[in-house]
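Structure record follows, encoded as C-alpha cells.
The values are calculated or read from the model by the stated rules, or taken from the named source; none is laboratory data. Because the structure is predicted, anything quoted here is derived from the model rather than measured. Don't worry about glycine lacking a Cβ; one is built from the backbone with ideal geometry, like all the others, and counts go over all protein chains shown. Surface accessibility is based on the protein's heavy atoms, side chains included, excluding ligands, DNA and RNA. Shrake-Rupley method; radii C 1.70, N 1.55, O 1.52, S 1.80 Å.
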Amino acid sequence: MLKMTDNENIDEFSGKLSGILIKFKNIGSTLEDKVIVRKLLNSVPKKFIQIVAAIEQYSEIDTMPIEEAVGRLKAYERGSKDKKMKMKAKVNFYFLARILEAIMGKKSRKETTAVAKVGHFAYECPNLNDKEDETNLVQAHEDEPTLL
C-alpha cells in the first residue's frame, strides 16, 4: 500500500502518484479521479487530518479532480510551514532579547556586594546603598576643565 511518509511533502508524494497513473495508462487501464482522490486522502499522514476532514465534509469528492485535491493539500502544507516559521521566529526573537538584556546589563542576575548573594536583580537589592552607585561616578578635578 502506498503511504506518504512524515518527512515527505505533497509535491513528492503527488509525483509518485502521477508515476503510478502513467504506468496504468501505459498498460491500457485507467482509474477514475474519485478513486485516486480517495486513495490520496487516505494515504496522507495524520498531520493532514484536519484538511482531509474538511475536504471530505465540504467538498464533493466524487466529482473533484485530482489536481484540486493536491492543490488543497499543498495550500494546507504551505500554511502549516508558515505558522511553524513564525513560531520559530518569535521564539528566536524572545531568546535574542534575553541575550541582549544580559549583555547590556538589564535585568541580569548579579551578585551584589552589599549582600554577596546571588538570586535577585542588582537594581532590586534592598541592601544596596547609594555609596555603590557613587563608585561609578567620575569625579572631576577642579583644576581640569570638564565637559558635560
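General remarks:
- Set side by side, the residues Ile36, Ile10, Ile20, Ile49 differ, and just one is in contact (Cβ under 8 Å) with a residue 40 or more places away in the chain and among the hydrophobic types (A, V, I, L, M, F, W, C), which is Ile10.
- Here Thr30 does not qualify as modelled with pLDDT of 85 or more and either open to solvent by 100 Å² or more (accessible area, probe 1.4 Å) or not hydroxyl-bearing (Ser, Thr, Tyr) (or both).
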